[in-house]
Amino acid sequence: MNKLIFLLPLLAACGKTPPAPEPVRPVKVMVVGSQAMTAQQTFPGEVRAVHESPLAFRVGGKIAECRAELGATVKAGQVLARLEAADYQLGAQAGAAGVAEAQSAQTLAAAELARYRALREKGFVSAAVLEQKQAASEAATARLTALQSSRELQTRQLNYTELVADRDGVLTADECQPGQVVAAGQTVGKLAQGAAREIEIHLPEAARPFFNRQAVFEVRGNALPGRLYHGKLRELAAAADPASRTFSARISLLDADPALQLGMSASVTVATSGGETGLRLPLAAVLSYDQHPQVWKVDAANTVHAVPVTLAGIVGNEVRIAAGLQTGEQVVVAGANLLREGQSVRPQP
């Protein structure tokens, strides 16, 4: 009986089947090679005028009338809006009255000075008295000059209650509302001048340095299928917008036509070539462990090993490799997230 109990574990052990060998996992690989840093990116944009200026009153007040609508074609000298001018009219009237009073005082002081000069020549008044009259005449003249300047300013402010177009153009923004109280310099509209057109786009932070090196732009109007325009970079913002964290850029069109209307949507394709060469991999080839990027390198025995890499940026759907790989090495580019260190794989191109 004891012998039987001793043999039972041995018989049970003999009945266990050995674990099946781990299957060789097929993966897609590519050979790392040095290639020119060229790529294409497309950005949405909007057709804008090259010359576009904000419209604003030069004085503050309450808007009494708006005379132009969005999209209207206006001529130089045309009145676009008016402020309530009653306060400025009262100021101008008071200024005119002050100037008239000062003119009378200055005329009287000048006549008094002339009379005392004649008396001084005959010895009837002292030099000190004459000097007092001289000072009074100069003070009256200075006060008249100051009031005339003040009246001129008040007259100008009265004229500034009318918002006048300083040149021909098209009203591309209209924020004028009757009854609205505005401050001096507050924008109430925008005026586009001339026929020159450009495209405004907004670049993400990662695309800005890449965008600086480009030289070729292709522009397509979303409402104009089959039409292709060419442009060049005219302006690139030095600082990002604090809300969107994007950089504004303007692309001047070299061959714009009347079909491109202000405000239309467009797409700008940028073909870049910085004249550099480097290593690039698909985004799917790079994994991140503890915020450290790495790739799976395949050795001569078709075994994978994790290799840390240093990234130099993202271009489209590819990532630029600054360090960690050499030209000619095989890297897994599909199925990388299913692998483990030392696993055998079956490479497929």
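The values are calculated or read from the model by the stated rules, or taken from the named source; none is laboratory data. Since we're looking at a predicted model, the values are computed, not measured. Heads up, the Cβs are rebuilt from the backbone with ideal geometry, glycines too, and the neighbour counts pull from every protein chain shown.
Assorted remarks:
- Residue within the range 56-78 that is touching a Lys or Arg at 6+ places or on another chain (Cβ under 9 Å), assigned to a strand (DSSP E or B) and of a type outside the set (A, V, I, L, M, F, W, C) present: yes
- Enumeration of residues in the range 102-118 that are of a type outside the set (Ser, Thr, Tyr) and out of contact with any helix residue (DSSP H, G or I) (no Cβ under 8 Å at 6 or more places or on another chain): Ala111, Ala114, Arg115, Ala118
Quick grid of which residues meet (1) farther than 30 Å from Tyr229 by Cα; (2) modelled with pLDDT of 90 or more:
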{"position": "Glu46", "(1), (2)": "no, yes"}
{"position": "His51", "(1), (2)": "no, no"}
{"position": "Leu55", "(1), (2)": "yes, yes"}
{"position": "Gly60", "(1), (2)": "yes, yes"}
{"position": "Leu70", "(1), (2)": "no, no"}
{"position": "Ala76", "(1), (2)": "yes, yes"}
{"position": "Leu83", "(1), (2)": "yes, yes"}
{"position": "Ala100", "(1), (2)": "yes, yes"}
{"position": "Ser104", "(1), (2)": "yes, yes"}
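- Counting only strands (runs of 3 or more DSSP E) that sit wholly inside the range 294-339, those with at least 1 residues that are basic (Lys, Arg) and within 13 Å of Pro282 (Cβ to Cβ) are 318-323.
- Ala183 satisfies every condition listed in (1) out of contact with any Gly (no Cβ under 6 Å at 6 or more places or on another chain); (2) loosely packed, with under 13 Cβ neighbours inside 10 Å; (3) more than 23 Å from His51 (Cα to Cα) except (1).
- Verdict on Ala206 being over 14 Å from Ser53 (Cα atoms), outside the structural domain of Ala92 (by TED's automatic domain parsing) and not basic (Lys, Arg): yes
- Scanning the range 301-330 for residues that are over 40 Å from the mean Cα position of the chain (by Cα) and of a type outside the set (Ser, Thr, Tyr), we see that the one that is surrounded by the fewest Cβ atoms within 10 Å (Cβ to Cβ) is Ala301.
- Close Cβ contacts (under 6 Å, 6 or more residues apart or on different chains) running from residues in the range 230-246 that are closer than 10 Å to His202 by Cα and assigned by TED's automatic domain parsing to the domain that holds Val216 to residues that are of a type in the set (S, T, N, Q) and at pLDDT 85 or above comprise Ala237/Ser248.
- Conditions (1) surrounded by 12 or more Cβ atoms within 10 Å (Cβ to Cβ); (2) polar (S, T, N, Q); (3) at positive phi; number of the one not met by Thr269: (3)
- Residues in the range 119-145 that are among the hydrophobic types (A, V, I, L, M, F, W, C), within 19 Å of Ala105 (Cα to Cα) and without any contact (Cβ under 8 Å) to a residue 12 or more places away in the chain: Ala135, Ala142.
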